[in-house]
Every structure is written in C-alpha cells, then in structure tokens.
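Here the structure is laid out as structure tokens; the discussion comes afterwards.
The values are calculated or read from the model by the stated rules, or taken from the named source; none is laboratory data. Predicted model, so just to flag it, every value in this text is computed and none were measured. FYI the Cβ positions are ideal-geometry reconstructions off the backbone, even for glycines, and counts take in every protein chain you see. What goes into the accessible areas is simple: the full protein's heavy atoms, side chains included, and nothing from ligands, DNA or RNA. Shrake-Rupley method; radii C 1.70, N 1.55, O 1.52, S 1.80 Å.
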Amino acid sequence: MSQEIWTDVLGYVRKNISEVEYHTWFAPVRPLGVQQGSLVLGVRNSFAQEWFRKHYLELLEDALRSMGAQAPQVSFQVLPAVQDAMMLPADPPPPRLTNGRASGRGGMPERTVVAPFENRKALNPKYIFENFVVGPNNNLAHAASLAVAESPGKAYNPLFIYGDVGLGKTHLMHAVGHYMSERYPDKRIEYVSTESFTNDLINAIREDKMTQFRNRYRSVDLLLVDDIQFLAGKERTQEEFFHTFNALYENHKQIILSSDRPPKDIQTLEGRLRSRFEWGLITDIQSPEFETRVAILKMNAEHHRMNIPQDVLELIARQVTSNIRELEGALMRVVAFASLNNVPFSRPVAAKALSNVFAPQEVKVEMADVLRAVAAQYNIPPEAIRGSGRVREVVTPRQVAMFLIRELTGHSLPEIGSFFGRDHSTVMHAIAKVNDQLGKDSEMTEAVAFLKRRLQGLEGEEISS
Ligand SMILES: Nc1ncnc2c1ncn2[C@@H]1O[C@H](COP(=O)(O)OP(=O)(O)OP(=O)(O)O)[C@@H](O)[C@H]1O
C-alpha cells in the first residue's frame, strides 16, 4: 500500500520541482510504510534525511494533504547500506526470461512472461484469468477468451472483444497470452496497441525495415491488438494489417482484437477488414453490476491484504458504477486516506475520502459502524461487545456503543436492544450511565467525543488516535 501512496506523492512532487531535483533526491527514496498515520520514507544517509526535513517536508505534506490526509505526517529513516541494496527498485523490474508461475507470496497471483521481441510490450502480470471476476456483464467474453486460450486458432478466430473504457478488455487479452505462454512456452505471443502497430509501421517504412516488420508480426502464434478502432482513417496501416491478418489466419494463428465499439460501427474501416473481423466471434463487455463491482473490490482489497468491511466496499461500489479502473482507483483513495489519517475503515471515512472526486454521498451511520469504531477504540473484538461478558472491559464499551447508536442513528431503544441481544431497559440504563459519566470521567468523555467525530466523517481538523 505504501508503494501506491508513494506513487501518488511522487506524481504531485514531480509537478512542483525540477527534473534534476527529482532525480537527485526523490528517485532514490523508498517508502517503508505508514505507521500511525505517518508516511515513513527510507533515505540513503543522514545528510539526505536533513535535506528532506529542511527543504521538502512541506512539499511532501502538501502532497499528502492533496490525497486527503488531514494532519499529514512524514518521517524519515536512514536505510542501512545492505538493506538499501536489497530494496526493490522503484520502477518495475524488466520482464524475466522465464515462464513464471503464480507467485507464492499470497495476494493476487502474478506471472512473468517470455519476451521474445526487443520492442514487445510485456503482458501485465496482474492480468490473468485467476484475477478476473466473472459476472453477467462479461461472462460471454470471459468464456470465449478461455475457449480461445485452450484451443488457439481453432475455437474462434479472430476473437473480437468490444466495450467501454476500463471494463477489462485488455485484462482478458493478456489473460489469454499468459495462459498460452504457460502451457506452450515456445509459442510466440505479441501484444500491441494499434497505435504502436502504426508507429512500428511508420518507422519500418522510414528505416527501410519492412522485412523485419513483417517477420515480427507474421511469425507469431498469438497476436493481441488493443484499441483496433484507431485503425479508422489510416489507410496504409489498414493495408498492412490486412496482410498481417491474412498471413496469421491462413496459418491458423490466433488473433484477438479489442475495440471500444463493434466492427460495424468503426467508420472508415475498409470493408474487407471489417468482414474479416466478423469472421470469428464478436463479444462485448458491459458495465459491471453492483455485485460484480463489490467482488472486484473485495479481490483487490485481499490483494493488498486489507481487511475492509463489506459495507465499506459496497459504498465504494455504489459510488463508481461503470469504469473498473476508476473503481480500483477509488478503493486506493479510501485505503490511502484511512492509513494516512490513521483511522479504521468505515463508511463515513470512505465517503469523506471520495468526496473530492465524486459527488458527496449522504452517509447514514449504521449500528455496525458504531460497533466497529467502538471496538477499535477500546481494542476489543466487536463480538465481545455484543456478547454476554460482564467484566468492566466490555461493559463500558458496550454502554458507549449503545449511547452513540442512540445519538447518531435513528434506531429505537428496542431495536438497539435487539442488536445487542438485550431488552430496551438495558439500553436505557446504558445511556443514562454514559450521560452520567460524561464530564466526570475524562477518559470516557474524550473517547465519546473522538468516536463521534470519527463516525460523522472526520468533521473538524483534529484527528489523532
Ligand atoms: N472482471 C474483472 N475482474 C477484475 N478486474 C477487472 C475486471 N475487469 C477489469 N478489471 C480491471 O480493471 C482495470 C481496467 O481494465 P482494462 O485495462 O482491461 O480495461 P480496458 O477495457 O482494456 O480499457 P481501455 O479501453 O481503457 O483499454 C484493470 O486493472 C483490470 O485488471
């Protein structure tokens, strides 16, 4: 997670300082984590540490503020030389020349893939079938991709997947590539955007390297071409692509194309290409339903080893309804916001985290929100608060929880009672007890005030733990 936060911070920093400064000071920094709301950065030596404190602290705090941190904190640690050498580079490592397997590190499986060509765009290791959530919106495209992966060149050729931005077309294409490269390590797989195909063609013409260009594209076993709608209006590229297509097709090599619209709607696409695109199977991906969006968020949260309550995921899923890339971005915002402010995940926190980007949502506080916040505050499990224990350590939090539920939600005494498996007179007693203590017992007074702020979406500036 700290890596994601750091990537966002770097994006902000880069816009505010010179490239030289950036490379001198920021590129070597390693994010070490978020501890009690403070972003901990690893720097090479104490000189760098001092320099950061003097010159860049404010900038870093501004960056965190832009991500929703209310009281941003940054701290530095000098990395021991050995550890420094062992740290992963900030940029992703180049593809390894092996066929990887699902990594054993838990979380979302990843793969590394053979890179047979110099300029070849590597397949994204995250885009594998195992990480693709199937729902009614994409099950046909998923099934067709799987069929193609199992019998390349035989099932459907070409496979044409279309749909709006950020709905998983590239993910599915890469998944076929991974699947094939794992089962048939010798097969050649080429993934290319239509834009790169066009640029390669232009370069090949300019540098008189058409033979290499043709060899490259016509010798593959699987050709994946993204955003084929960009062929529209490019006659020379269409001509070349037509021949590439024919060469591969005749040799029973698999072709998968993605587009934001079906072939018939791609204007100024040559008829002979359009009809070829329609030879195989045309399948679409629609926007995901609510349940699919929640499932995707859940998988992403697990990937980051974050235990995010279901109702928080549901709130995010309600906020972002179409683009899955945006859905994932929203989740990251919530995670960054909660960790930088050192607060547990709750619906009000999520609503606050997203309020700058999306239309603010009215969030009604629910009984479960209160229970969770109280449990976190007193550091005991929520089940213990709802349980039958009578020791002070659980009775006080239980009374506080009942009190806050009554204050912050519209629930009646009997409803609160049944949530705790008790009758309404117990709730009444609890509320009276807390009212009596407020003002007298400073610990409880502070806890109640803090919990109220937290549950009402971090109103005000004071956030501490
Ligand atoms: N069904 C799904 N399950 C899990 N993750 C998904 C799913 N669909 C899409 N995603 C994720 O959403 C993000 C966007 O997907 P992808 O890049 O494949 O979209 P796209 O349709 O190719 O968009 P574009 O038209 O912008 O290229 C990726 O991170 C991808 O992993």
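In table form, for the structure just shown:
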{"read-out": "Interchain or long-range residues, amide H under 5 Å from GLU289's placed H", "value": "ASN137"}
{"read-out": "Segment 291-308 - phi-based ³J(HN,Hα) in whole Hz, Karplus 6.51/-1.76/1.60, Gly and Pro as x", "value": "4, 5, 4, 5, 5, 5, 5, 4, 5, 5, 5, 5, 4, 8, 6, 10, 9, 9"}
{"read-out": "Computed FRET value (nearest 0.05) for HIS304 with GLN77, which takes r as the C-beta separation and R₀ as 25 Å", "value": "0.65"}
{"read-out": "Förster-model FRET efficiency, 41 Å R0, ASP436 and ASN356, C-beta, rounded to 0.05", "value": "0.50"}
{"read-out": "Simple label model, 7 Å out from Cα along Cβ direction - HIS55 to ALA449, nm", "value": "4.2 nm"}
{"read-out": "Among 202-213, 157-168, 32-43, the order from most to least packed when residues are scored by Cβ within 10 Å on average", "value": "157-168, 32-43, 202-213"}
{"read-out": "Model label zone, GLU235; criterion: amide N under 15 Å from point 7 Å along Cα-to-beta-carbon; scope segment 246-290", "value": "268-272"}
{"read-out": "Built amide H within the under 5 Å cut-off of GLY33, gap 5+", "value": "VAL40"}
{"read-out": "Residue-by-residue Karplus 3J(HN,Hα) for segment 263-270, coefficients 6.51, -1.76, 1.60, Hz, glycine and proline x", "value": "x, 5, 9, 7, 5, 6, 9, 3"}
{"read-out": "Most positive-pole-ward Cα, PHE26, MET299, LEU269, against dipole of the chain from beta carbon charges", "value": "MET299"}
{"read-out": "Computed magnitude of the charge dipole of segment 195-264 (debye, nearest 20; Cβ of K, R +1, Cβ of D, E -1)", "value": "120 debye"}
{"read-out": "Size of charge dipole - the chain - debye, nearest 20, with Cβ of Lys, Arg +1 and Asp, Glu -1, no other charges", "value": "680 debye"}
{"read-out": "Burial order of peptide ranges 349-358, 145-154 (average beta-carbon count within 10 Å, highest first)", "value": "349-358, 145-154"}
{"read-out": "Computed helical MRE - 222 nm, the chain, DSSP H runs ≥ 4 contributing -39500 (n - 2.57), nearest 500", "value": "-15000 deg cm²/dmol"}
{"read-out": "Given charges at Cβ of Lys, Arg, Asp, Glu: the chain dipole, positive-most of GLY177, VAL365, SER151", "value": "SER151"}
{"read-out": "Local electrostatic count at THR409 - Lys and Arg +1, Asp and Glu -1, tallied over other residues with Cβ under 10 Å", "value": "-2"}
{"read-out": "Estimated FRET transfer efficiency when R0 is 25 angstrom, pair LYS209-ALA247 (beta carbons, to 0.05)", "value": "0.90"}
{"read-out": "Segment 210-221 - phi-based ³J(HN,Hα) in whole Hz, Karplus 6.51/-1.76/1.60, Gly and Pro as x", "value": "5, 5, 4, 4, 5, 4, 4, 7, 9, 9, 8, 9"}
{"read-out": "Carbon/sulfur fraction of accessible area - the chain, other protein chains in place, 1.4 Å, %", "value": "50 percent"}
{"read-out": "Neighbourhood net charge (10 Å Cβ-Cβ; Lys/Arg +1, Asp/Glu -1) for SER219", "value": "+3"}
{"read-out": "Dipole-positive endmost among THR426, VAL448, THR409 within the chain (Cβ charges, Cα centre)", "value": "THR426"}
{"read-out": "Charge dipole magnitude, Cβ of K and R +1, D and E -1 - segment 300-414, Cα centre, debye nearest 20", "value": "260 debye"}
{"read-out": "Beta bridge orientation in the chain: antiparallel %, DSSP, nearest 5", "value": "15 percent"}
